[in-house]
Amino acid sequence: MSETSLSFLPIAIDSSSTKTMYHHDTFNMEINENEMKMLFKKKRIIIELIVTEENYKNDLFVIEKIYKKKAIEYSVLSQEDMKIIFCNIYDIWQFTNKFSKLLKTAGKNMLETNIESNTDLKYSKILFNKLSDTWIGKAFSQMIPQIEKIYSIYCINHDISSQRLQKLEQNLNIQKWLEECKKISKEKTNAWDLASLLIKPVQRIFKYPLLLIQIIDATSPNHPDIMLLNHANKEITLVIDRINEIKRCKDMVKHVISGRTDNSIRHVIVKGISRKTEKLKKTVGLIETYHDIFYEKLFEKFRRQQIQISTFKKKIKNWFKELTNYLLHQSDLAFACSSCMITGKKSFSEIQKKWKEYKTFIDKASKDGLCELEKNLTYFVFKPLKLLKNLYKIPSSIIKKRNTKILDYIHIKTLKKKGIMPNKALVQSAEIYNVINAQLKKELPDFLHYTSELFNEIIIRLSYCQQQWYKFWILILKNCLKNYDPLIDFNNISDIFSKKNVTIKTLF
């Protein structure tokens with residue numbers, strides 16, 4: 001947004017302020033017929049803008065309150081499918097409700113004027129003053145930041161949404177849901193089906209610049225809203241350019257993930273040899289190295305997280321293994337002590353009985369407790385860990401591709417310094433590096449944040465599994481050791497052991 005236009009943006013707009021929003025210039029000459037035609041053209045375009053915005057709002061209502069509501073009611077879509085197909089349609093619908101009202105207020109005089117284009121020119125001055133009191137440019141300027149925020153998300157993800165819907169339409173339950181919603185919404189929209197409705201937001205944002213240009217062309221240079229109309233047109237065009245650029249980058253990254261580009265297939269052997277040569281030169285220091293500090297910090301964090309996940313899984317498995325071995329040793333100990341009581345000269349039937357009971361409880365803990373613990377660990381820890389680990393596959397493949405393309409990027413820089421013109425394939429490869437690098441720097445911070453949160457959640461789940469196990473273990477100990485106190489003070493454990501040891505020795 002340009003600095004020169006900031007002063008024109010309203011802090012707030014309400015219906016009470018619109019009547020005195022602008023003070024028009026005084027016109028000392030009569031309006032000619034061409035100017036009248038221009039004015040009526042402007043009226044027609046503004047009415048088209050307002051009416052189509054209202055119709056668009058109704059289409060969004062159909063998506064949100066019929067298709068989406070019925071999908072939730074019938075449970076025909078998973079949460080993931082709901083999110084992919086409908087994306088942020090609710091936010092767009094809410095925004096459009098506000099924007100539609102604002103546009104109606106901004107073009108109120110146009111809507112309330114029922115004068116035809118063949119009106120007597122003696123009323124032209126009055127008509128001009130009345131019909132020119134519109135502030136469509138100001139309305140758009142106020143809403144452009146919100147337009148970019150919500151429409152960027154939707155437009156960038158629309159292709160994925162469309163593909164998912166097309167795939168799901170093969171399901172009979174999905175077909176029934178779509179057919180029922182289509183019948184219910186028949187009187188409320190002209191759209192043929194859900195796919196036709198879901199494309200509406202994309203079509204709408206691309207329509208705004210076209211309507212604004214037509215309004216500008218039909219607006220007098222002296223009109224108080226002309227500067228904001230130009231500002232709004234410029235900004236909405238930039239918004240669309242940014243959306244297209246983000247989408248282009250995403251598509252390029254997706255293409256890189258899925259396989260080689262058409263051009264790269266043609267040059268695969270040459271490029272492979274060239275890159276190996278460049279890599280060798282880089283290793284021995286014959287060409288300059290390139291550092292992107294911000295990316296390198298992100299990559300280091302990315303690598304640490306991967307190592308952390310692998311280490312964490314190994315530690316849990318080791319803990320479970322040690323726990324299993326501990327119970328096995330305890331069972332062997334109980335069996336040995338019980339057998340020892342039989343071989344002695346004296347009869348220790350009571351003590352033998354206690355050791356047998358202890359072995360029974362230990363075996364129960366091994367059979368039931370460990371089985372339940374293993375089941376909980378699998379469900380609450382290992383499965384989420386596997387899903388978390390899989391999340392790193394796509395970023396890893398993109399990072400790998402970046403590491404390959406950076407050699408071409410460095411090669412181009414070296415050639416340019418020498419005044420040599422690089423070939424088209426090399427330039428394209430370097431461009432792919434720039435796109436991938438920018439995309440990684442943009443998306444890795446969010447990825448690392450959310451994967452870190454997910455990892456913390458898995459740690460909490462592990463603590464739950466351990467808590468359940470130790471509760472069970474304490475219960476086992478209480479049953480077999482009647483005087484067992486889980487809150488015993490282990491600082492005096494030596495004294496307690498010595499006293500018990502003396503008592504035991506007197507028995508032999």
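Where a number appears in this text, it was derived from the coordinates with a stated rule and is not lab data. Note that the structure is a prediction, hence the values are computed from the model and not measured. Using ideal geometry, Cβ is built from the backbone for each residue, glycine included, and neighbour counts are taken over all protein chains shown.
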Here the gain from full extension of residue 226 to residue 375, 0.36 nm per residue of separation minus their alpha-carbon distance, amounts to 46.7 nm
For 162-168, 99-105, ranked highest to lowest by mean beta-carbon neighbours within 10 Å, the order is 99-105, 162-168
Note: residue 470 to residue 364 extended length (0.36 nm per residue) minus current alpha-carbon separation gives 36.7 nm
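Within 10 Å, count the other beta carbons around each residue, average over each peptide in 38-46, 142-150, and list them highest first.
38-46, 142-150
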Length gained if residue 170 through residue 434 is fully extended, taking 0.36 nm per residue and subtracting the Cα-Cα distance, is 91.1 nm
The simple spin-label model distance between residue 321 and residue 190, using points 7 Å out along Cα→Cβ, in nm, is 7.0
